[in-house]
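Every number in this text was worked out from the coordinates using simple rules, so none of it is lab data. Note that this is a predicted model, so its numbers are computed, not measured. All Cβ positions, even for glycine, are placed from backbone atoms using ideal geometry, and neighbour counts span all protein chains on display.
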Amino acid sequence: AKVYIGAGREAGIRAGDLVGAIANEAGLNSSSIGAVEIMDRFSLVEVPEVMAREIIETLSRTRIKGQKVGVRLFLEQPRGGRA
């Protein structure tokens, strides 16, 4: 599952900040965390599907680099034409 985090490069967020926050706050082994994409204004982190809800709830109560950030499940839009 991908988790959307409402802070990115402009807020000084680095991949290590997100991996550290998830590993420390949600008690997840950092090797279980997948791809981390840092955009200008948001970030996406790949996490195990079964842990996604717990990670989102935990990070919602946590400060990342001193700031509260919005955290939610990232739902990818299907690409291409009609299904």
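Which trypsin sites (Lys or Arg not before Pro) in the range 1-79 pass both tests, a DSSP loop state and at most 15 other beta-carbon atoms within 10 Å?
Here the trypsin sites (Lys or Arg not before Pro) that fit, given the DSSP loop and packing criteria, are 14, 41, 61, 65, 79.
Using just the helices of the chain, give the 222 nm mean residue ellipticity in deg cm²/dmol: DSSP H runs with n ≥ 4 each add -39,500 (n - 2.57), and the total is spread over all residues, rounded to 500.
-7500 deg cm²/dmol
Using volume of the Cα convex hull per residue in Å³ as the read-out, say which of [x] 97; [y] 84; [z] 142 was calculated from these coordinates.
The calculated read-out lines up with [x].
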